[in-house]
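**Student:** There's a structure below that I have some questions on.
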Amino acid sequence: MGLSDITLYLDLNQNGFLDEGEPPTITGINGEYSFLDLPPNTYILREISPPGFASTTPDPIIDVTPGSNITNINIGNVNNRGQISGTKFNDTNTNGTFDPGELGLSDITLYLDLNQNGFLDEGEPPTITGVNGEYSFLDLPPDTYTIRETQAPNFDQTTPDPIINVTPGSNITNINIGNVSNRGEINGIKFNDGNANGILDPGENGLDNFTLYLDLNNNSLLDIGEPATITDEFGFYSFEDLPPNVYIIREVQKFGFSQTTIDPVIDVDPGSNINNVNIGNFNEFL
């Protein structure tokens, strides 16, 4: 397509600037231009490069003879800016690939780390992911860029920081960046192990109002600051929002009950949801 509103001129003194007395013209709506009523001479045709564009053809040198009508002196330009776009996604399986069913993550700040110091500094282009995790960096001059994120609380990145070579006019898409929740969950049932076999069998009921806790210092006591939970009417319990670690689940012993399963030792990985960690008790008075 033609480019409108670009100034071209005949550089009579060959100094690379549009000086007073040198014939200019402005391209029309379809990029068309003309210089009329020229005396015989050899002319150099130059342009005042528009912002964001670079010339792709050499400056034409035209020999105008008497009565000549020289056409099709076409001058190419290309947008010398580029763009990068993609999605910040919830990488639930931590494989570093934006898989079907994985959702975008909104409101995460990404930036181009121009000085490679790992921080978002003044003057470095930032962007915030949209409702579906989409992001873009527009109007970028040619360069090699590193995309980093301002780490979201409770998330870890599952893909390396993209390093992108932006060339003139490039539109680089699908630069997807994965995150996964670095928190995990443990849940299960505290059950009445009527046959004392350590297995939650059909017909065995949950036990309510039992206090379970994560014994962080492994001293077999519920200390201040250790996460605790109380089983509900069905014996269900859960520990949520757990940072990656190895946890020991213990109970506050209830009179008349003996535990029939060993204290669970659970390795919580980022984003893991560990179910059916069932803990049995035997009622000694039944």
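Rule-based calculations on the coordinates, nothing more; no lab input. Since the structure is predicted, the reported quantities are computational estimates derived from the model, not experimental observations. No Cβ is skipped: glycine too gets one built from the backbone with ideal geometry, and neighbour counts run over all protein chains shown.
**Student:** With log10 I(q)/I(0) by the Debye sum over Cα atoms at q = 0.06, 0.07, 0.11 Å⁻¹ defined as stated, name the option among [x] -0.45, -0.53, -0.83; [y] -0.37, -0.49, -0.83; [z] -0.22, -0.29, -0.65 computed from the structure displayed.
**Tutor:** [x]
**Student:** How far apart, in nm, are two points set 7 Å out from the Cα along the Cα-to-Cβ line at Ser258 and at Glu284?
**Tutor:** Once both label points are built, they end up 0.7 nm from each other.
**Student:** Tell me which of Thr65, Pro51, Asn95 sits at the most positive position along the dipole axis of segment 36-101, charges placed on C-beta atoms (Lys, Arg +1; Asp, Glu -1).
**Tutor:** Asn95
**Student:** Further question: Once amide H atoms are built 1.01 Å from N in the peptide plane, which residues 5 or more positions from Ile279, or in another chain, come under 5 Å H to H?
**Tutor:** Counting only residues 5 or more places away or on other chains, the set is Ile189, Lys190, Phe191.
**Student:** Continuing with this model, one more query. Between Asp267 and Thr150, what is the label-to-label distance in nm when each label sits 7 Å out along the Cα-to-Cβ direction?
**Tutor:** It works out to 3.6 nm between the two label points.
**Student:** If you keep only loop residues by DSSP, which chymotrypsin sites (Phe, Trp or Tyr not before Pro) in segment 162-258 have at most 11 other Cβ atoms within 10 Å of their Cβ?
**Tutor:** Phe255
**Student:** On full extension of the chain, what length is gained from Asn74 through Ser238, given 0.36 nm per residue of separation minus the C-alpha to C-alpha distance?
**Tutor:** Answer, rounded to one decimal: 51.8 nm.
**Student:** Which residue, Ile230, Ile84, Ile26, has the most motion in a Gaussian network model of the chain that connects Cα atoms within less than 10 Å?
**Tutor:** Ranking Ile230, Ile84, Ile26 by mean-square fluctuation puts Ile26 first.
**Student:** Here's a follow-up. Between Gly206, Ile230, Ile249, whose Cα lies farthest towards the positive end of the dipole of segment 200-260 when Lys and Arg beta carbons carry +1 and Asp and Glu beta carbons carry -1, centred on the Cα centre?
**Tutor:** Working it through, the farthest residue towards the positive pole turns out to be Ile249.
**Student:** Among Gln14, Gln253, Gln83, which one moves the most in a GNM of the chain with springs linking Cα atoms closer than 10 Å?
**Tutor:** Gln14
**Student:** Using all C-alpha to C-alpha distances in segment 64-196, build P(r) with 10 Å bins and read off the rounded percent in each one.
**Tutor:** Taking every Cα pair in segment 64-196, the percentages come to 11, 32, 23, 11, 8, 7, 5, 1, 1, 1, 0, 0.
**Student:** Given +1 on the Cβ of Lys and Arg, -1 on the Cβ of Asp and Glu, and no further charges, what dipole in debye does the chain carry about its Cα centre, rounded to the nearest 20? Intermediate results must be reported in sequence, preceding the final value.
**Tutor:** On the way: 8 positive and 41 negative charges, 70 e Å.
Its charge dipole is roughly 340 debye.
**Student:** Turning to a different aspect of this structure: Under a 10 Å cutoff between Cα atoms, tell me which one of Pro39, Pro141, Pro264 has the largest fluctuation in the Gaussian network model of the chain.
**Tutor:** Comparing Pro39, Pro141, Pro264 in a Gaussian network model of the chain, the most mobile one is Pro39.
**Student:** Give me the extension gain from Thr25 to Ala54: residue separation times 0.36 nm, minus the current Cα-Cα distance, reported in nm with one decimal.
**Tutor:** Length gained, Thr25 through Ala54: 8.6 nm.
**Student:** R0 = 41 Å: FRET efficiency of Thr42 with Asn174, Cβ-based, nearest 0.05?
**Tutor:** 0.25
**Student:** About its Cα centre, what dipole magnitude does segment 231-284 give when the only charges are +1 on Lys and Arg Cβ and -1 on Asp and Glu Cβ, stated in debye to the nearest 20?
**Tutor:** 180
**Student:** Could you list, bin by bin from short to long, the percent of Cα-Cα pairs of segment 202-286 in 10 Å steps?
**Tutor:** Going from the shortest bin to the longest, the percentages are 16, 51, 28, 5, 0.
**Student:** Can you figure out the FRET efficiency of Asn115 with Asn95, using R₀ = 41 Å and their beta-carbon distance, to the nearest 0.05?
**Tutor:** Details: r = 31 Å, r/R0 = 0.77.
For R0 = 41 Å, the calculated efficiency reads 0.85.
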